[in-house]
Amino acid sequence: MFEAIYTLWLREIKKYFRSKSRIIGSLGQPILFLVALGFGLGPVFQKAGEGNYIQFLVPGIIAMSILFTSIFSGISVIWDRQFGFLKETLVAPVPRWQIMLGRTLGGATVSVIQGIIVFALSFLAGFKLTDLSLLPSALIFMFLIALLFAAIGLAIASLLADMQGFQLIMNFMVMPIFFLSGALFPMEGLPKILSVIVKFNPLAYGVDGIRGCLGGAINFGLMTDFWILGIAVVFLVALGGYLFSKIQI
């Protein structure tokens, strides 16, 4: 029954590991942020009495890597549509929601792998894991973030036929989502309007959850982070499935 989901999930993973340049290229930005900000702003952060900035920053960089990888996985739908591969997929005798779910799970899994690689590299920058028992919980939050934004990427790609339009919309969305998630700076003491915006940003709960599990400060609480992310994932996967089912070929 779910063979289509498994096949598409596996296809996305194989495609990722076949492209060595994609793996290396996608690590460039997280490493740049980690080194430039971690060591550049670290002394300022410490002088302000906030502690070790690397410990604070790493969860945000992991979330950033997952965000960018997962949300741009939707571009494959537009690519397949332009070259005719999508039509071959959609005429298969399987429900379209299974096709969408398989692609979403594949994009999410690739994003989590990317996040794990960034997490492993962070130890070279001096990051220390304070509680090994919470590492599985951090992986759960990483997967929820990946599912959420892979679903958003596919939902938007289902509405567009132009690759440039998709990239413009994604760039317009991604940077505010990232910078207003608390990934780079503490959320305490923000102006009221920014504080309200952050609370409506789903990535903020993902960053908070990963940071809490990896031993950093937590703002909302792990259960609050989990339930808000979980509800957002269910809603957006359902919305993505609906929009994907309406694609005209």
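Where a number appears in this text, it was derived from the coordinates with a stated rule and is not lab data. Bear in mind that the values here come from a model prediction, so they are computed numbers and not experimental data. So basically every Cβ, Gly included, is an ideal-geometry build from the backbone, and we count neighbours across all protein chains shown.
Key figures for this structure:
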item: GNM result for the chain, Cα springs below 10 Å: residue of ALA138, ALA183, ALA36 fluctuating most strongly; result: ALA36
item: For LEU147, net neighbour charge (Lys/Arg +1, Asp/Glu -1) across residues whose Cβ lies under 14 Å away; result: 0
item: Chain lengthening between ALA217 and ARG11 when straightened (0.36 nm per residue, less Cα-Cα); result: 70.4 nm
item: For the chain, calculated [θ]222 nm from helices alone, where every DSSP H run of n ≥ 4 adds -39500 (n - 2.57); result: -25000 deg cm²/dmol
item: Within-12-Å neighbourhood charge of ARG96 [Cβ basis; K, R +1; D, E -1]; result: +2
item: For the chain, size of Cβ-based charge dipole, Lys and Arg +1, Asp and Glu -1, in debye; result: 440
item: Degrees between helix 135-159 axis and first principal axis of the chain (Cα, 0 to 90, nearest 10); result: 40
item: Alpha-carbon Debye profile of region 159-249, log10 I(q)/I(0) at 0.15 Å⁻¹; result: -0.71
item: Scaled radius of gyration (Cα, divided by 2.2 N^0.38 Å) that region 177-227 gives; result: 1.02
item: In degrees, nearest ten, helix 163-179 long axis to first principal axis of the chain (Cα); result: 20
item: Nearest-ten-degree value, helix 222-245 long axis tilted from longest Cα axis of the chain; result: 20
